[in-house]
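The values are calculated or read from the model by the stated rules, or taken from the named source; none is laboratory data. As the structure is a prediction and not an experimental result, all values here were calculated from the model. Backbone-built Cβ (ideal geometry, glycine too); neighbour counts: all protein chains shown.
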Amino acid sequence: MVSFLFKRLLQSFVVMITVALIAFSMFRFVGDPINNMVGQDTTQQEREELREKLGLNDPFLVQFGRFTLNAAQGDFGLSYKYRVPVSEMIFERMPATLELAFVSAIIALFFGIPLGVYTALKRKGILSKFIMTMSLVGVSLPTFLTGILLILLFGVMLRWLPTFGRGDVIEIGSWTTGFLTVSGLKSLILPSITLALFQLTLIMRLVRAEMLEVLRTDFVKFAKARGLPDRAVHFKHALKNTLVPVITITGLQLGSLIAFAIITESVFQWPGMGLMFIQAISDVDIPVMAAYLVLIAFFFVVINMIVDLLYYAVDPRLRADNE
Amino acid sequence: MDLLSIKNLEIEFPSRRGTVVAVNDVNLTVQPGEVLGVVGESGAGKSTIGNAVIGLLEPPGRMSGGEVYLKGEQINNLSSEEKRKIRGRRIGMIFQDPLTSLDPLQTVEQQLVETIELHLKLGEAKAKERAIDLLHQVGIPNPELRVKHYPHQFSGGMRQRVVIALALCAEPEVIIADEPTTALDVSIQAQILELMRKLCQEKQVGMLIITHDMGVIADITDRVAVMYRGNLVEEGTTQKILGNPDHPYTKSLISAVPRPDIRLKRFPMVDYIEKEEDRKKLLDISTHWLGQARDFDAVEGPLVEVEDLVMTFVTKPAFLKKNRQTFNAVNGVSFEIRQGEVFGLVGESGSGKSTVARMISGLYKPAKGAVKFGGTNLTEIKSEKELDYFRRQMQMIFQDPFSSLNGRMRVMDIVAEPIRFHKLTSSNAETEGIVMDLLEHVGLGRQAAVRFPHEFSGGQRQRISIARALATRPRFLICDEPTSALDVSIQAQILNLLKDLQEELGLTMLFISHDLPVIRQMCDRVGVMKMGELVEVTETEKLFTAPEAPYSQELLSLMPKLDNLSQQGLQVEGA
């Protein structure tokens, strides 16, 4: 177990270094940072001084080392455009994205798993067939279209829900939350549904496929032959055995919920990291882009690590192999 | 009153192409303390009967007629909830594969307690006590500790004991065992059968054993019912059915059982089910491409020599070599295979016999030791080209006919592939002609060439594998359990075919099997393997009459006794 954890930490470290290298190379290859920072009337000499001061004349490895060390401490330098520390900008935006992703993940799991179980058990039922058809729509509809349609229906035509922004937020320490105000919660509904829809259908289809697989196994047949009631067979034995693949996919999807909330955030003008990233691209604000890249990679690595540990909790066979 | 009685049972499976009658007008009875065997080959409908009795027919199957009575009470027309209450409580079930019959994510205790609480309405503490008691009854040592373990921590035989304990949870009156020992080694099989027999007598349980294995039938049953394509063809006491069968199907089935007691020239009368292709001199081997002088160097002495072979698998990987845990699957095995003989390797699962075969054919690289083919040490050859020369001379036939053929290739291309790879012919037309001849020669017929593997049965696929192996005109054939996945009558046909080919082509063969009677029918000399080591190498006849190593004696004593098998129409080797 300890050696496994150590191995995974080592792997995560390699991944992070690689991502940092890519992020760092953006500085060097996407335009000259000095040009981005100074005005047109800066003299050549002043430019050279600035270059020296920022350490841009140091060897590649030294610069990369400095970048990595700073990044590890959360320091990604100043934003070219806003002249404020990137870490501050990100931290300001992060609660919005995390809250959105969290609510979406809850929606996706809360509806996805029961619907998957239902459609697997009542495979031939009319309702199951209807759900499966709808899920195809959910998988194939692009997120921006879902978002716009929802805005049109609930925001413009029915006028029930706000269509942009986070509503009122409350600050708890340095974290801003929309969970505690009515307008904050209302504002969450449309974007979180938009973001969750794809994940929901994906999880549902996955659970269904896995359930159908498990229901064919011998131990389910044997459980039935022992006279166990359907409820025990389906939920105690079958569902638990479908969990390992479901955890894998859910973990990966949670990462992409955070990473790819960009489209949803743009559609709903959600003041999260995705929106910030889009703006950074159009401004060629490289420190922000680099920081975003590293941060998302970090989320993925952490989530995957948790997923691997969850396997151990679920499946005793893995525990034995490493004892 | 009969304990279990099945009257005029009829089961059908409606499908798009019309209704298949899986079981037709079957009558069976089981008395308390009696073991009734239902024997038949795949597709005979024997498992379907078991499923119908406990009300778990796989849809779309349905009982279209007949009645099932348990102690005189009709149970087939009960509601599904009432049927569920009978399952496990009054009728216990044991399935074939103990490795997949238990929920891998729950401890044995959780599964036992769940079942006990459900049927016996005991409290948790009492249920736990009973769980330990049950494990003790089925002979699991140290039950207080073992009950907390997960299924994967038990061996196959121990898991089957757990399965039996689960079936016994509520002291059922009837137990239906569907191929209970098919997945187990012969020594474990003997133990499990003895346990079942004992439980049956002690508790006066009636048992219905469904099996394809005549050895199991001979070992444990009191009466036998023989099924053929959904019909009950014959029923009687075990002694009568095995020793003096009436129905032609039963006769043919029994004549196809590999005999442990005498060596036959060929398996007779196996043509009741599928007409064995008449392959009397289809090809004149002496003039055909297949039999023509091959461009191999003549060899003096043994064709294959294996010297001190060792194969190591890493069981616990680690970065540092000293932390790694390894396991020697094969440990210092040496033997030789003479030209033109059939050499057998026999042993239980995990004894390393397949690993030896894979090292000889070059699929595994031995950790130590040498494989010599015609005097050349193959393990020292580095160049692929040079190795190809030897690869062409040895071919392999695998156990599973379903996964050893590429399902996306036509049979023509499957068989032609080795010929094309080794560039053995000058033109494509010649290759195709040879493939056609080969297919005909192994009893498939030319029309097989344009079809895909899934269109064939298991036995037919194994014929395709044989044709493919012969396509390089090899002189050494490795057969790794070539008939273990097949029904006994099909097995007899395939073994006959292999015997004929070996004789015609003067092949040398390494024949691997866990099945001693099959070894006796096929091999000239035999090596017995145990846990990676070769414990005895001897003439086959000598092994069966006077085994030397203690392990060989043990294996032979565990072999199901089939002494009183009918001897109608047998040709004994040498007679």
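What number of residues in the stretch A:150-168 are without any contact (Cβ under 8 Å) to a residue 60 or more places away in the chain and either part of a strand (DSSP E or B) or in contact with a Pro (Cβ under 8 Å, 6 or more places away or on another chain) (or both)? Talk me through it step by step, then tell me what you get.
First, the residues of the stretch A:150-168 that are without any contact (Cβ under 8 Å) to a residue 60 or more places away in the chain: A:150, A:152-162, A:167-168.
Still in the list and also either part of a strand (DSSP E or B) or in contact with a Pro (Cβ under 8 Å, 6 or more places away or on another chain) (or both): A:155.
Within the stretch A:150-168, residues that are without any contact (Cβ under 8 Å) to a residue 60 or more places away in the chain and either part of a strand (DSSP E or B) or in contact with a Pro (Cβ under 8 Å, 6 or more places away or on another chain) (or both) number 1.
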Can you give me the ranges of the helices (runs of 4 or more DSSP H) entirely in the stretch A:36-149 with at least 2 residues that are under 18 Å from residue A:295 (Cβ atoms)? A:60-72, A:86-121
What's the number of the condition residue B:115 fails, among (1) in a helix (DSSP H, G or I); (2) in contact with a Leu (Cβ under 9 Å, 6 or more places away or on another chain); (3) modelled with pLDDT under 90? (3)
Top-ranked residue of the stretch B:119-135 - restricted to ones that are over 36 Å from the mean Cα position of the chain (by Cα) and within 22 Å of residue B:86 (Cβ to Cβ), ranked as surrounded by the most Cβ atoms within 10 Å (Cβ to Cβ): B:127
Matching option when the condition is facing chain A (nearest Cβ under 8 Å) and either more than 21 Å from residue B:177 (Cβ to Cβ) or touching a Leu at 6+ places or on another chain (Cβ under 8 Å) (or both), among B:106, B:110: B:106
Return a yes/no flag: does the stretch A:6-17 have any residue that is under 20 Å from residue A:285 (Cα atoms), in contact with a helix residue (DSSP H, G or I) (Cβ under 8 Å, 6 or more places away or on another chain) and either touching a residue at least 12 places away in the same chain (Cβ under 8 Å) or of a type in the set (Gly, Ala, Ser) (or both). no
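What residue, of B:234, B:129, is under 21 Å from residue B:109 (Cα atoms) and acidic (Asp, Glu)?
On the way: B:234 fails: under 21 Å from residue B:109 (Cα atoms).
Within the list B:234, B:129, the selection yields B:129.
In the list A:249, A:258, which residue meets the criterion of being surrounded by fewer than 22 Cβ atoms within 10 Å (Cβ to Cβ), in a helix (DSSP H, G or I), away from chain B (no Cβ under 14 Å) and not acidic (Asp, Glu)? Talk me through it step by step, then tell me what you get.
Details: A:258 fails: surrounded by fewer than 22 Cβ atoms within 10 Å (Cβ to Cβ).
The conditions single out A:249.
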Restricting to the stretch B:62-94, count the residues that are within 14 Å of chain A (Cβ to nearest Cβ), closer than 30 Å to residue B:18 by Cα and not β-branched (Val, Ile, Thr). 4
Subset of the stretch B:457-492 that is free of Cβ contacts under 8 Å to residues at least 40 places away in the same chain and in a loop (DSSP other than H, G, I, E, B) - its residue that is surrounded by the fewest Cβ atoms within 10 Å (Cβ to Cβ): B:457
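For every residue, the table says whether it meets (1) more than 14 Å from chain B (Cβ to nearest Cβ); (2) over 17 Å from the mean Cα position of the chain (by Cα); (3) of a type outside the set (Ser, Thr, Tyr); (4) in a loop (DSSP other than H, G, I, E, B).
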| residue | (1), (2), (3), (4) |
| --- | --- |
| A:211 | yes, yes, yes, no |
| A:219 | no, yes, yes, no |
| A:231 | no, yes, yes, no |
| A:234 | no, yes, yes, no |
| A:238 | no, yes, yes, no |
| A:241 | no, yes, yes, no |
| A:281 | yes, yes, yes, no |
| A:289 | yes, no, yes, no |
| A:302 | yes, no, yes, no |
Restricting attention to the stretch B:28-61, which residues are in a strand (DSSP E or B) and either touching a helix residue (DSSP H, G or I) at 6+ places or on another chain (Cβ under 9 Å) or of a type in the set (Val, Ile, Thr) (or both)? B:28, B:29, B:30, B:35, B:37, B:38, B:39
Buried (at least 20 other Cβ atoms within 10 Å of the Cβ), outside any loop (DSSP other than H, G, I, E, B) and within 30 Å of the chain's Cα centre (by Cα) - does that describe any residue in the stretch B:78-86? no
Among (1) assigned to a helix (DSSP H, G or I); (2) farther than 14 Å from residue B:394 by Cβ, which single condition is residue B:334 missing? (1)
Residue satisfying condition, being part of a loop (DSSP other than H, G, I, E, B), closer than 17 Å to residue B:192 by Cβ and in the same structural domain as residue B:192 (by TED's automatic domain parsing), within set B:99, B:135, B:122, B:105: B:99
Odd one out for residue B:181 among (1) more than 14 Å from every other protein chain (Cβ to nearest Cβ); (2) surrounded by fewer than 23 Cβ atoms within 10 Å (Cβ to Cβ); (3) touching a residue at least 24 places away in the same chain (Cβ under 8 Å); (4) touching a helix residue (DSSP H, G or I) at 6+ places or on another chain (Cβ under 7 Å): (2)
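Inside the stretch B:190-245, counting only strands (runs of 3 or more DSSP E) that do not spill past its ends, which hold 1 or more residues that are in contact with a Gly (Cβ under 6 Å, 6 or more places away or on another chain) and on the phi < 0 side of the Ramachandran plot? Working first, answer last.
On the way: elements: B:206-211, B:223-228, B:231-237.
The qualifying strands (runs of 3 or more DSSP E) are B:206-211, B:223-228.
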Only residues in the stretch B:1-12 that are surrounded by 18 or more Cβ atoms within 10 Å (Cβ to Cβ) count as the first member; pair them with residues that are of a type in the set (Asp, Glu), Cβ under 9 angstrom, at least 6 apart or cross-chain, and list the lot. B:3/B:34; B:3/B:173; B:4/B:173; B:5/B:67; B:6/B:67; B:9/B:25; B:9/B:67
Across the stretch B:116-126, what is the total count of residues that are under 10 Å from residue B:169 (Cα atoms) and more than 14 Å from chain A (Cβ to nearest Cβ)? 0
Could you grab me the full set of residues in the stretch B:159-178 that are acidic (Asp, Glu) and either within 10 Å of chain A (Cβ to nearest Cβ) or assigned to a helix (DSSP H, G or I) (or both)? B:178
Quick check: is even one residue across the stretch B:411-431 in contact (Cβ under 8 Å) with a residue 60 or more places away in the chain, of a type in the set (A, V, I, L, M, F, W, C) and crowded, with 19+ Cβ neighbours inside 10 Å? no
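Okay, residues lined up against (1) of a type in the set (A, V, I, L, M, F, W, C); (2) crowded, with 17+ Cβ neighbours inside 10 Å; (3) within 24 Å of the chain's Cα centre (by Cα); (4) under 23 Å from residue A:260 (Cβ atoms):
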{"position": "A:66", "(1), (2), (3), (4)": "no, no, no, no"}
{"position": "A:72", "(1), (2), (3), (4)": "yes, no, yes, no"}
{"position": "A:79", "(1), (2), (3), (4)": "no, yes, yes, yes"}
{"position": "A:85", "(1), (2), (3), (4)": "no, yes, yes, no"}
{"position": "A:90", "(1), (2), (3), (4)": "yes, yes, yes, yes"}
{"position": "A:94", "(1), (2), (3), (4)": "yes, yes, yes, yes"}
{"position": "A:97", "(1), (2), (3), (4)": "no, yes, yes, yes"}
Filter the stretch B:24-60 down to residues that are surrounded by fewer than 18 Cβ atoms within 10 Å (Cβ to Cβ) and of a type in the set (Gly, Ala, Ser) and give me whichever is modelled with the highest pLDDT. B:33
Mind listing whichever residues of the stretch A:98-149 are within 21 Å of residue A:230 (Cβ to Cβ) and in contact (Cβ under 8 Å) with a residue 40 or more places away in the chain? A:113, A:115, A:116, A:117, A:119, A:120, A:121, A:123, A:131
Yes or no: residue B:431 touching a helix residue (DSSP H, G or I) at 6+ places or on another chain (Cβ under 6 Å) and assigned to a loop (DSSP other than H, G, I, E, B)? no
